[in-house]
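The values are calculated or read from the model by the stated rules, or taken from the named source; none is laboratory data. Since the structure is predicted, the reported quantities are computational estimates derived from the model, not experimental observations. Neighbour counts run over all protein chains shown; Cβ positions are idealised from the backbone, glycine included.
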Amino acid sequence: MSIIDARGLRKEYGTLIAVKDIDLQVEQGQVVGLIGPNGAGKTTLLRILATLLRPTRGKVSVFGFDIEKDYLQIRKQIGYLPDFFNLYNDLTLEECLRFFAKSYEVDSALIGGRIDAALDYVELEDKRNDLIRNLSRGMVQRMGLATLLVRDPDVYLLDEPASGLDPKARIQLREILRKLSSEGKTIVISSHILTELSGFCSHIAIMHRGQIVRHGSVDEIRANMEGAKVVSISVLDQHEEAADLIRNSDLPVTVTDISSSSITTEVRGGREHIASINKLLVQNNIKVYSLSEDKADLEDLYMAISSDQEEQEPA
Amino acid sequence: MKKLIGNNPIIQRYRFSSMRPKQFWMYAAVYIIVVLLLLFINIGARVPSEAIFTQILVFQLLILWVWSASNTSSAIREENADQTYDFFRMLPLSAHQKAVGIMVGKNLVALLFVGINFVLLILFALPSVGFVQLVQLLIMVLSVAFCANTVSLLSSIKIERRKRKSGNILLLLLLLFMIPALLGGIGGLHNSRWGRDVGVSFYIFEIPILLLISSVALYVGCWAYAGIIRKFIKEKECLFTRRGAVLFLLGCEVILLGIIGPQIEGGERLEINYAFWIGSLFVVMLISFGAIRTYDNYWDKSRMLGGKGQSEFLRKMFAHSNSGLAILLFSIWALFSAISATKAGTSAFEAGGVMAVLLLSYMFLVLLIELWALYRPDSENIGVLLSSIFVVYIALPMICAIMFDKDSLMTASPFGLIIYLCEEPPLPTSGLALLLVYHIALCIFPAVKVRQHWLRIRETRELVDREQGS
């Protein structure tokens, strides 16, 4: 059974449809990146999953609990970090964590240890007795995560957790999220900055104008992508001759760049065309020492999908 | 009880922040200075125990009714302005835990001082005030404090994110007017030997005034508490359900008629009757504001009415609308007002005519509310325009009456009409007819716009459904 199961989920604000008939299933241990430009509906979707917004239509369950009827049960088991948040400025870090631990009914005997572990996890142990108002933005963001860690939820819903952070704080945040994902926690994280998510999301859901236009593992989406593959061909010498051969062949290949070390091409269609390029060059005595298909990163996938979407929509 | 107070994390959270030694001792020092000052200035007074009792009572009321109410009202505002409200909403605590947590937690220091004050009050009261009066007084103090705290918390609950901390100006103004009234009230109580000499008729019963005040405060406080719980559970919905609106109004009407009814039978019948009308109509208006259904609500309803013909759609939308509720509330008001008019001996013709004018006047307000609800998604400032229109509608006839020295002009405003009726009855038939025509004319334009907007919702819904189907 999926931990998060949304079917036909729709959220309307008057005539504006923020989330349009979305189906989304998230399994235990998946790290799902919600990608999309501002206004795509990511925050609305996360706030619905966090039980803070009521959907206009559709059914959503988290851990099998209905988000409208059993929202208290759900709130106990999820950790949600909003896009813009602050913490109780008049509390120290320890007091704040104690408050959250008690509110979420963490066993009193465990609270002390959990606070130590959470502060250690986010590397704020030395600030334990400082007031939150004295923390920097990056520290508050990490402390926000600590308020979730202290109660050890099974699901993390993180809305643009890296926004407003400096590069160092971003790296620290990524490390924390990596650790969590390696511990098997289920994470749904939204971002419009793709590099934040590349490398540690197991799945992605690309949102565009309130809809999820692609959803699956990164590899699945990559495999399903139609269009050109980028292939780099490295030859010992005769770069120009090799490029001419490719250009003049009947293969569906376009040479996009020639450098001293490689020829970059775009190959449309299946992988047999890559094999044909190799055969063509070898038959013409070009010394090919490497031929590699560049795997598209999240950014390429997202750009390709969103430009597809733009083309499909009527003007 | 343990979950509500003893083991409530919200109370603990406020204990962390408000009981830090530096802050606590600062408050304690102010408190000790005030108490010492009160004791000091009464050295040599004729009856020192009663004087000290009165002054500590005022001090107690300021803490419980003003300071604690203001603390309570700031809780949600601070959460909102500090961007912590999402965390607060997510806390898996019951709505009761949250409500009690705020009201107790935010006032921990105040409650500590209140506790000490109660001991002092009892010590100084027993020689001069008497046990029964003291108990009645304490019940009244606590009931009104409960009422003030619940109402101020309820009025501060807003889930929209706000960037800056805005003070509750309305509450501050209210408090500003309340303090002189409070001091006057205490003076009156003192003169009436703490209520011993004053009984109030409630229907056929004679009730001590302090207990009547307590009962009314508890009635309002309990409804406000229910409102807080509803707002914490169903955040996006209006404060009153239909049933809640009707029940609350019925209760208010029963209480008001119980208090005013015996007075009507006594002295200035007409004035008291119309005071009851206006007072209870004010409650009806307040409920209408608390039960506003917004555009989103109409939009949701339009889905359920999909496929209905135009007239059936409009009929069902009207039943669902703010205007539909307004008619229901007005009917209840009219029923109780008719009883009071009968007691006052007002002629059926005059009562009916004035009621019809008031109905149209109230419908004009409701139609403005309806326009606000429907047009707000298009224009954020529509509220300013509509409230200006309403202020002009209320105030302009009165101003004109003064400027042109013609009293009948003031009848174009509902308040002016009541003043006129109290001072110069009765209103001639032609004047009443003119007023009816004037109010019907006022209502026509907003009613047409509301109807148009409902039909536009229907069209848009059909369009969206068609798009979805294809």
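Brief remarks follow.
- The lone criterion from (1) under 20 Å from B:Ala226 (Cα atoms); (2) modelled with pLDDT under 90; (3) buried (at least 23 other Cβ atoms within 10 Å of the Cβ) left unmet by B:Ser74 is number (3).
- Hey, B:Ile52 surrounded by fewer than 18 Cβ atoms within 10 Å (Cβ to Cβ) and in a helix (DSSP H, G or I) or not: no
- In the stretch B:402-413, the residues that are modelled with pLDDT of 90 or more, in a helix (DSSP H, G or I) and either small (Gly, Ala, Ser) or under 16 Å from B:Leu360 (Cβ atoms) (or both): B:Thr411, B:Ala412
- Within the stretch B:295-308, not a single residue is more than 14 Å from chain A (Cβ to nearest Cβ), at pLDDT 90 or above and surrounded by fewer than 18 Cβ atoms within 10 Å (Cβ to Cβ).
- A:Ala162, sole failed condition from (1) assigned to a loop (DSSP other than H, G, I, E, B); (2) in contact with a Lys or Arg (Cβ under 8 Å, 6 or more places away or on another chain); (3) within 14 Å of chain B (Cβ to nearest Cβ): (3)
- Total residues in the stretch A:91-107, condition in contact with a helix residue (DSSP H, G or I) (Cβ under 8 Å, 6 or more places away or on another chain) and more than 7 Å from chain B (Cβ to nearest Cβ): 10
- Note on the stretch B:267-294: among residues that are aliphatic (A, V, I, L, M) and more than 30 Å from B:Cys422 (Cα to Cα), the one that is surrounded by the most Cβ atoms within 10 Å (Cβ to Cβ) is B:Ala291.
- Residue within the stretch A:87-97 that is out of contact with any Asp or Glu (no Cβ under 8 Å at 6 or more places or on another chain), under 24 Å from A:Phe65 (Cβ atoms) and of a type in the set (D, E, K, R) present: no
- Residues in the stretch B:421-431 that are in a helix (DSSP H, G or I) and surrounded by fewer than 20 Cβ atoms within 10 Å (Cβ to Cβ): B:Cys422, B:Glu423, B:Thr429, B:Ser430, B:Gly431.
- Unique residue being within 14 Å of chain A (Cβ to nearest Cβ) and of a type in the set (A, V, I, L, M) when the list is B:Ile52, B:Ile10, B:Ile41: B:Ile10
- Restricting attention to the stretch A:51-68, the residues that are of a type in the set (Ser, Thr, Tyr) and at negative phi add up to 2.
- Checking A:Gly8, A:Gly33 one by one, the residue that is in a strand (DSSP E or B) and either over 16 Å from A:Val155 (Cα atoms) or within 14 Å of chain B (Cβ to nearest Cβ) (or both) is A:Gly8 and no other.
- One residue alone among B:Met90, B:Met19 is within 14 Å of chain A (Cβ to nearest Cβ), of a type in the set (A, V, I, L, M, F, W, C) and within 15 Å of B:Leu111 (Cα to Cα), and that residue is B:Met19.
- Test: B:Val30 is in a helix (DSSP H, G or I) and loosely packed, with under 13 Cβ neighbours inside 10 Å: yes
- Residues of the stretch A:11-25 that are touching a residue at least 40 places away in the same chain (Cβ under 8 Å), of a type outside the set (Lys, Arg) and either crowded, with 23+ Cβ neighbours inside 10 Å or within 14 Å of chain B (Cβ to nearest Cβ) (or both): A:Glu12, A:Ile17, A:Ala18, A:Val19, A:Asp21, A:Ile22.
- Look at (1) within 23 Å of B:Gln97 (Cβ to Cβ); (2) within 14 Å of chain B (Cβ to nearest Cβ) and you find that A:Met143 fails only one, number (1).
- Extreme residue, nearest to A:Leu97 (Cα to Cα), among residues of the stretch B:18-68 that are modelled with pLDDT under 90 and small (Gly, Ala, Ser): B:Ser18
- Filter pass, B:Leu417 being in a helix (DSSP H, G or I), under 24 Å from B:Leu368 (Cα atoms) and more than 14 Å from every other protein chain (Cβ to nearest Cβ): yes
- Condition check for B:Ile399: surrounded by fewer than 20 Cβ atoms within 10 Å (Cβ to Cβ), at pLDDT below 95 and under 29 Å from the mean Cα position of the chain (by Cα): yes
- Of the numbered criteria (1) at positive phi; (2) away from every other protein chain (no Cβ under 14 Å), the one B:Gln83 fails is (2).
- Flag for B:Phe330 being farther than 29 Å from A:Arg54 by Cβ, more than 14 Å from chain A (Cβ to nearest Cβ) and not small (Gly, Ala, Ser): yes
- Restricting attention to the stretch B:444-470, the residues being surrounded by fewer than 16 Cβ atoms within 10 Å (Cβ to Cβ), touching a helix residue (DSSP H, G or I) at 6+ places or on another chain (Cβ under 8 Å) and over 17 Å from B:Lys308 (Cβ atoms) number 1.
- Whichever residue in the stretch A:55-67 is over 22 Å from the mean Cα position of the chain (by Cα), touching a residue at least 40 places away in the same chain (Cβ under 8 Å) and crowded, with 16+ Cβ neighbours inside 10 Å and, among such residues, is nearest to A:Ile78 (Cα to Cα): A:Pro55
- A single entry from A:Ile204, A:Ile193, A:Ile176 fulfils the requirement of being at pLDDT 85 or above and either more than 29 Å from A:Lys11 (Cα to Cα) or within 13 Å of the chain's Cα centre (by Cα) (or both): A:Ile204.
- Residue check, A:Gly199 within 14 Å of another protein chain (Cβ to nearest Cβ), modelled with pLDDT under 90 and assigned to a loop (DSSP other than H, G, I, E, B): no
- Within the stretch A:240-276, tally of residues that are part of a helix (DSSP H, G or I) and in contact with a Ser or Thr (Cβ under 7 Å, 6 or more places away or on another chain): 1
- Hits in the stretch A:50-90 (condition: more than 12 Å from chain B (Cβ to nearest Cβ) and assigned to a helix (DSSP H, G or I)): none
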